[in-house]
Structures are given as C-alpha cells and as structure tokens.
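I have placed the structure first, in the form of structure tokens, so that the comments after it can refer back to it.
Throughout, read-outs are computed from the coordinates displayed, never taken from laboratory work. Not measured: the values here are computed from a predicted model. Every residue, glycine as well, gets a Cβ built from its backbone with ideal geometry; the counts of neighbours run over all protein chains shown.
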C-alpha cells in the first residue's frame, strides 16, 4: 500500500521529488506500534524502490543498501517529501525523507542503495 501522492516534480531525468501524505489507514501503521504508530523503515525502503524503478531506473533492481540512517519517526497524518537521485554511472540511488512542519523541513531518514541490472 502506497501513500497518497500530493505532488511530483522531476526537473532533471535523474532526480525526483514526491510530496506524500501518510494516511493513518495505511497498512504499514497497523501494529507498529499500538501506543504511537510509526512508519517502519522497511516501508520507507519499499517506497524508495517502487518510485526508483518505476520512474528513474526502470531496468534496474535492488542490489544492496550502502547506508541508511533513520533520524526521526514518520507518524500518521504527516506530509513528507521523498527526494530521489539516480547516479547511473555509479549505480547508486540516494534518497531522503523530509518531514514537513509548517514551512520547515526536517530530515527523517536518508541513505544510499546500490542497484543492478
């Protein structure tokens, strides 16, 4: 189950920015956790891969995670911006999720994923 896409911007062929709304009814929030639901890291990575191979690198697939850092939780009813950059010559996909807090943006997670054919 994917988040609701609010806006998509692709000013360059190798870069993509998606504004997403995290609906509390998303499957990923169920049971993770009862007191305060959080978007699991595996969901964040699933969405990164979905958008990357659909829109930026369609002939590629997951190879390995080079690094990933989860800095702040993503909660239900949050708006986030997912930024993807495909470095084809290195076969590296970089990503970051930025939480919206009014006009301010805070990095919630980021990383690099190696893709292969």
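Numbers below:
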read-out	value
The range 67-117: translational diffusion in µm²/s, Stokes-Einstein, Kirkwood Rh over Cα pairs, 4 °C, 1.567 mPa s	109
In Å, descending, principal axis extents of the Cα set of the chain	43, 28, 23
Efficiency of FRET from Cβ geometry, residue 50 and residue 12, R₀ 22 Å, rounded to 0.05	0.65
Cα Rg, Dmax, the range 20-84, angstrom units	13.0, 41
Mean Cα-pair separation over length for the chain, i.e. relative contact order, pairs under 8 Å, 6 or more apart, %	27
Rounded tilt (10° steps) of 41-51 against the dominant C-alpha axis of the chain	50
Sorted by Cβ neighbour density within 10 Å, fewest at the top, the residues 5, 98, 89, 77	89, 77, 5, 98
Spin-label pair residue 107/residue 92, simplified geometry with 7 Å Cα→Cβ offset, distance in nm	1.4
Ascending count of other beta-carbon atoms within 10 Å, so fewest first, for 101, 46	101, 46
Fewest-first ranking of 62, 95, 33, using other Cβ atoms within 10 Å as the exposure measure	33, 62, 95
